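First the structure, in the form of structure tokens, and then the observations on it.
The values are calculated or read from the model by the stated rules, or taken from the named source; none is laboratory data. If you're wondering where the values come from, they're calculated on a predicted model, not measured in any experiment. Cβ atoms come from the backbone with ideal geometry, glycine included; neighbour counts cover every protein chain shown.
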């Protein structure tokens, strides 16, 4: 027990106002009106508060300690990076020195070659001069000697010979230019000022603002959010111009839906100012691919992928039919398994995986959220896009609640206008592509309907699909083929059909993650309706017949194929 110094009484209370232990007499004397409590109870409260403070400190110490460790690690990395950069600079300038030395030697050798050629030219001319002087001197000496002789016969006998020789020498002299035909100067062009300016600008350090995560995003590879078991899947991240080392700052992780990582199954390499992110999933199911730069997610990361088993498309079978009750042209499949089908009755029917009709989106009419002729369907996450053939517009809804979010387009041929829009696709980068049938083009929009660009086609565009490489495939109904455009839509790359035939009036196109192409075609009669399955090289692997006016095509996360059969008023799953 502890006793009061003033009253020698046992301390039994704690005055909260005075922050001190007090006895009964102290309480009665000075602390009666204060906030007090039994000291044992107050001690328990204090111990609890201290423990909470300790726990709070632990919550501070751990992350701060980790931050200190990260800082110390960064100091080491800075030192290491400094040495690497110093070494890189030295090696680069050694290469420059070597290049300059080589150029110096080349110029010295060229100087010697020019001087040698000049010397030889001058020597040849001097040789001719010496020879002429020798001939003239000899003839002159001979003529002078003969002219001193007294015997006329002797003089006359050699006069003509000597005269001819001297005249020949004089003629050579007249024809021989006395000015040396060569320039003794060797003129160089070694203006160092432009090179000095370039050298002064050579080499730089990019600002870390250029490593801002928002500047980076997957350039292509996300149009199809599927991957195949144990097969490499590639994505491209465009890097800012001039930062060839930016890829080294990109980090990745590949996480399964159960939270486990497959760190050894994903890689990033730098390829011509483009980072190639590749992953090889080892099990079926959902995955999350994260790409970060300096610890921050790049634009759109993390990305969701559904991994499926590889399919053998040579053995397609009818697995189920979803009855729409009226003519249908469009189909889309949600990641939760729900199947969406357009109906000419003026709504979109939603089915559960087992084929049960669970709800409808929209109604017949021409107002907001209503349809006259709903045609193409596209699901982008939880947004459902619906093109209306007769109302010449696209409306988009919440796929789960059916609530209208927005719409875009009107009748016409201008940018953002439509003349009977049909199929749609996404490029995985936030763009919606719409086949503008009677305007013979594809239009590209942002997800909110903002116009981006036009891709002009050679005929009536009935549908569009984007492959994992970003190439844009467009079915041209009246030309009986598919056009392929570059990812930016500016270049026509290819045109294809099925070389084996039966490719009249292609209606829709879809592409899986392995590059297999699915095209629906019809021509007036049931017997001329097919689903073509082509491999990535464009060769037929399967031709499904017996359909009745197949139009829209969709793929689910398991790789199953859904076809909207107009005349059969159903969606068929393969």
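Odds and ends about this structure:
- Enumerated strands (runs of 3 or more DSSP E) restricted to the stretch 243-302, each holding at least 3 residues that are within 28 Å of residue 78 (Cβ to Cβ) and free of Cβ contacts under 8 Å to residues at least 40 places away in the same chain: 266-270
- So residue 99, is it closer than 30 Å to residue 195 by Cα, surrounded by 12 or more Cβ atoms within 10 Å (Cβ to Cβ) and assigned by TED's automatic domain parsing to the domain that holds residue 195: no
Yes/no per residue for (1) in a helix (DSSP H, G or I); (2) closer than 30 Å to residue 294 by Cβ:
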| site | (1), (2) |
| --- | --- |
| 6 | no, no |
| 14 | no, no |
| 18 | no, no |
| 40 | yes, no |
| 62 | yes, yes |
| 67 | yes, yes |
| 72 | yes, yes |
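- Spans of strands (runs of 3 or more DSSP E) in the stretch 361-452 with at least 2 residues assigned by TED's automatic domain parsing to the domain that holds residue 220: none
- Qualifying residue in the stretch 8-31 (condition: more than 53 Å from the chain's Cα centre (by Cα), over 30 Å from residue 189 (Cβ atoms) and assigned by TED's automatic domain parsing to the domain that holds residue 195): no
- Any hit, the stretch 315-338, residues being surrounded by 17 or more Cβ atoms within 10 Å (Cβ to Cβ), in contact (Cβ under 8 Å) with a residue 24 or more places away in the chain and within 16 Å of the chain's Cα centre (by Cα): no
- Selected residue [in a helix (DSSP H, G or I) and touching a residue at least 60 places away in the same chain (Cβ under 8 Å)] from 45, 111: 111
- Among (1) closer than 21 Å to residue 177 by Cα; (2) surrounded by 13 or more Cβ atoms within 10 Å (Cβ to Cβ); (3) without any contact (Cβ under 8 Å) to a residue 12 or more places away in the chain, the one test that residue 123 misses: (2)
- The stretch 423-440: number of residues that are under 18 Å from residue 492 (Cβ atoms) and either at pLDDT below 95 or crowded, with 24+ Cβ neighbours inside 10 Å (or both): 5
- Filtered residues of the stretch 466-489 (kept if outside any strand (DSSP E or B) and in contact (Cβ under 8 Å) with a residue 24 or more places away in the chain): 467, 468, 469, 470, 477, 478, 480, 487, 489
Per-residue answers, yes or no, for (1) at pLDDT below 95; (2) touching a helix residue (DSSP H, G or I) at 6+ places or on another chain (Cβ under 9 Å); (3) assigned to a loop (DSSP other than H, G, I, E, B); (4) closer than 21 Å to residue 463 by Cβ:
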{"position": "317", "(1), (2), (3), (4)": "yes, no, yes, no"}
{"position": "325", "(1), (2), (3), (4)": "yes, no, yes, no"}
{"position": "329", "(1), (2), (3), (4)": "no, no, yes, yes"}
{"position": "336", "(1), (2), (3), (4)": "yes, no, yes, no"}
{"position": "341", "(1), (2), (3), (4)": "no, no, no, yes"}
{"position": "345", "(1), (2), (3), (4)": "no, no, yes, no"}
{"position": "349", "(1), (2), (3), (4)": "no, no, no, yes"}
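- Cβ pairs under 8 Å, 6+ apart, first in the stretch 524-543 and farther than 17 Å from residue 508 by Cα, second at pLDDT 90 or above and exposed (fewer than 14 other Cβ atoms within 10 Å of the Cβ): 527/545; 541/314
- Leading residue by the ranking (surrounded by the most Cβ atoms within 10 Å (Cβ to Cβ)) among those in the stretch 20-29 that are in contact (Cβ under 8 Å) with a residue 12 or more places away in the chain and assigned to a strand (DSSP E or B): 22
- Condition check for residue 263: closer than 30 Å to residue 371 by Cα and modelled with pLDDT under 90: no
- Of the residues contained in the stretch 498-509, one or more are found to be in a strand (DSSP E or B) and within 28 Å of the chain's Cα centre (by Cα).
- Evaluation of residue 204 against the conditions (1) at pLDDT 70 or above; (2) more than 30 Å from residue 112 (Cβ to Cβ); (3) assigned to a loop (DSSP other than H, G, I, E, B) shows that the sole unmet condition is (1).
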